[in-house]
Amino acid sequence: MNPTNRQPAGRSEPDRLDEYAEAAVQRLLSEHTAVAEQGVSVTRQDHTLVLRGEVESAHRRDEIVRLVSERFPGVRLDTDIAVTRTSAPTEAEELS
C-alpha cells in the first residue's frame, strides 16, 4: 500500500465507510456551529451509517441528517433520532 494515498484520520472518503467514518461524523456533529450535538451516537453496519439518540427538535434532527448526507453522499443512512419534549407540560401531573 502506498502511504501517500492514505486518508488522514477523520478524513473518510465521502462515498465509503472506512474505519474513520464514525469518528468523522461524531466530529462533524460536535464541531458544526449550527448543530454542536454530542447526544447522537454513530455506528457502522455493513454499508450503512446508523445515527441514534435524542435531540430537542425536529429541525435539529433534520439538520443532522442533512449534514451527514452532505458529508457522505453515497452512503445509506439509518436514523433513529427521537425528538424529546422541551416545552413545559400543559397539564398537571397527578401524583398518588
Of those in the range 30-50 that are surrounded by 12 or more Cβ atoms within 10 Å (Cβ to Cβ) and over 27 Å from residue 88 (Cα atoms), the residue nearest to the chain's Cα centre (by Cα) is 42
Checked the range 21-50 for anything closer than 13 Å to residue 77 by Cα and in a helix (DSSP H, G or I); matches are 21, 22, 25
Those residues of the range 62-78 which are more than 15 Å from residue 26 (Cβ to Cβ) and part of a strand (DSSP E or B) amount to 76, 78
Counting only residues that are under 16 Å from residue 42 (Cβ atoms) and among the aliphatic types (A, V, I, L, M), the range 58-96 contains a total of 8
Taking the condition of a type in the set (A, V, I, L, M), crowded, with 17+ Cβ neighbours inside 10 Å, within 8 Å of the chain's Cα centre (by Cα) and closer than 16 Å to residue 80 by Cβ, does residue 65 pass? no
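Since every read-out is calculated from the coordinates, none of them should be taken as a lab result. Predicted model, so just to flag it, every value in this text is computed and none were measured. Note that we place each Cβ from the backbone using ideal geometry, even for glycine, and neighbour counts take in every protein chain shown.
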